[in-house]
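Visitor: Structure provided below as structure tokens; questions to follow.
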Amino acid sequence: MIETILLGAATVFVLTSLVGIYRAVVGPTVPDRVIAINFIGSNVVIVIALIAAAIGEPGALDIALVYALLNFLLSISISKFQVERGGAL
């Protein structure tokens, strides 16, 4: 029963990521795209954690943690690159 609820919640987060994909492609500005990519990355972390809880695999939480750190570093590096290039976020 709880596995079904967790997998259903994971499905909802995957569907909301589609909105983020649209925003990342359409834009219209670089900050919009950066926020959309960060949103998608956060949703991926949540989906990995929910699936790990649903299937009872705590090792997958390590993967989610590493992905969350990489998502954070990506956002920081894109922001730093944009500011150094002369455009303000």
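A short reminder: the numbers here are calculations on the coordinates, not readings from a lab. Everything quoted here is computed from the prediction, not taken from an experiment. Cβ: placed from backbone, ideal geometry, glycine included. Neighbour counts: every protein chain shown.
Visitor: Within 10 Å, count the other beta carbons around each residue, average over each peptide in 37-48, 22-33, and list them highest first.
Guide: Result, highest mean first: 37-48, 22-33.
Visitor: Sticking with this one: 222 nm [θ] for the chain, helices only, -39500 (n - 2.57) per DSSP H run of 4+, per residue, to 500?
Guide: -30500 deg cm²/dmol
Visitor: Roughly what % of Cα-Cα distances in the stretch 1-42 sit above 15 Å, to the whole percent?
Guide: 45
Visitor: Sorted from largest down, give the three principal axis spans of the alpha carbons of the stretch 2-83, whole angstrom values.
Guide: Result for the stretch 2-83: principal-axis Cα extents of 44, 23, 11 Å.
Visitor: Using only the Cα atoms of the stretch 44-86, what do you get for the radius of gyration and for Dmax, in Å?
Guide: 14.4, 47
Visitor: Also, I was wondering about something else. Give me the percent relative contact order of the stretch 2-83, please, defined on Cα pairs under 8 angstrom at least 6 residues apart.
Guide: 32 percent.
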